[in-house]
């Protein structure tokens with residue numbers, strides 16, 4: 001996170017716990033009372049660490065590392081009671097959390113260690129306090145707020161690093177999945193090419209017709225491999241959509257013209273009269289509805305009905321693309337939008353992945369319902385525009 005973002009978050013947390021100027025004054029007074037005991041608190045802190053194998057495991061350099069950590073903890077305690085809770089303070093707390101993640105300290109032990117330190121400070125404060133008991137209670141409450149604020153920033157660092165590592169893991173898993181799919185999709189045409197090349201190199205007295213046939217086979221398989229690479233490249237380099245107001249009906253009409261479904265399929269458009277212009281990228285949404293219409297067409301090789309339906313809601317429009325094809329079995333329904341998954345014998349399984357990616361980049365959603373033997377409906381949810389600019393195609 002950026003320093004300014006961290007500070008804003010810290011200020012918001014201060015407001016949430018009810019941090020006041022009076023709390024800050026109490027912390028200054030408490031600091032003067034507990035500072036002489038910092039050495040004992042720090043010794044107790046690390047003596048307890050070495051008694052727990054899971055916590056001690058992060059101390060890989062032994063005594064020299066513990067001595068450095070003691071100095072770090074001393075600085076942390078002095079800053080805690082210094083009351084300069086500015087951006088530099090918050091960033092240093094954040095880095096403490098990141099350092100815990102780096103050395104592999106489980107967050108539960110970080111929380112437990114903070115609890116032990118909290119108890120030690122409260123004990124020292126109680127034993128050195130000379131004022132009213134009600135003010136001691138208020139001071140202890142202020143100290144609890146302050147330690148909880150520190151703990152929140154440390155936990156935020158844990159969460160941020162966890163999400164970063166999870167995303168990295170997900171990306172590596174996706175790369176593995178894509179790599180496996182690419183290997184499968186490219187290996188098939190390569191095997192065909194290999195057999196044709198073998199024939200051309202080794203056939204005795206091959207006729208001109210046979211030679212031409214195998215050359216055409218090689219050409220088709222090269223084109224197929226090129227389609228796989230192109231589709232993957234388009235998927236990886238999908239640009240940010242240019243969000244402009246546009247009318248849905250002319251967009252859908254254009255997509256139908258560019259993707260004819262044939263004479264065996266009846267096409268119906270049920271456009272709600274109150275549908276407002278949406279916000280979107282004309283070219284990218286043309287890909288979305290083109291993919292859905294071609295899928296519907298391919299699901300009905302013997303003919304059927306294709307129905308496009310629109311509905312207006314408060315701030316969004318839904319478009320149904322429904323076919324009366326064979327439907328999708330329940331085992332495959334949850335996977336049809338995953339990269340490189342396809343129910344088609346010659347599909348590479350990126351069409352619906354690209355479609356969903358585009359819709360989500362538009363701030364929308366893509367969902368599907370299907371019944372085997374009855375057909376499939378894909379629903380695209382898109383935002384409506386909030387101004388009166390003229391839409392393309394209107």
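Using the Cβ-Cβ distance between residue 162 and residue 216 with R0 = 56 Å, the FRET efficiency computed as 1/(1 + (r/R0)^6) comes to roughly 0.55. Axis of helix 248-258 versus longest Cα principal axis of the chain: the two differ by about 50°, to the nearest ten degrees. In terms of Cα atoms, the Rg and Dmax of region 240-306 work out to 13.1, 39 Å.
Helix 133-202 and the longest principal axis of the C-alpha atoms of the chain enclose an angle of approximately 30°. Summary of packing: across the peptides 60-68, 114-122, the per-residue average of other C-beta atoms within 10 Å ranks them, highest first, as 114-122, 60-68.
Distance between the 7 Å Cα→Cβ label points at residue 119 and residue 269: 7.2 nm. With both labels modelled 7 Å from their Cα along Cα-to-Cβ, the residue 383 to residue 305 distance reads 3.5 nm.
A Förster radius of 25 Å combined with the Cβ-Cβ distance from residue 169 to residue 335 puts the calculated FRET efficiency at roughly 0.80.
In terms of overall dimensions, region 1-115 has a Cα radius of gyration and Dmax of 15.5, 43 angstrom. Legend: P(r) of region 55-166 from all alpha carbon pair distances, 10 Å bins from 0, whole percents, reading 12, 41, 33, 12, 2, 0.
With 0.36 nm allotted per residue and the present C-alpha distance subtracted, the residue 50-residue 206 stretch has 48.1 nm of extension available. Could you list log10 I(q)/I(0) for the chain at q = 0.11 Å⁻¹, which the Debye formula gives when each Cα is one point scatterer? One equal scatterer on each Cα of the chain leads to -0.90. Beta bridges per DSSP, both residues in the chain: antiparallel share near 80 percent.
Between residue 199 and residue 298, how high is the FRET efficiency from 1/(1 + (r/R0)^6) when r is the Cβ-Cβ distance and R₀ = 41 Å? Nearest 0.05. The calculated FRET efficiency here is 0.80. As I understand it, the value is the acute angle between the Cα axis of helix 63-80 and the longest principal axis of the Cα atoms of the chain; what does it come to in degrees, rounded to 10? In the chain, helix 63-80 runs at an angle near 80 degrees to the longest axis. Largest first, the three principal axis extents of the alpha carbons in region 244-383 are 38, 31, 25 Å in whole numbers.
Can you give the relative contact order of the chain as a percent, counting alpha carbon pairs under 8 Å and 6+ residues apart?
Working: 457 pairs, mean separation 51.0, N = 394.
About 13 percent, as a whole number.
Every number here is computed from the coordinates shown, using simple stated rules; none is lab data. These numbers come from a predicted model, not from an experiment. No Cβ is skipped: glycine too gets one built from the backbone with ideal geometry, and neighbour counts run over all protein chains shown.
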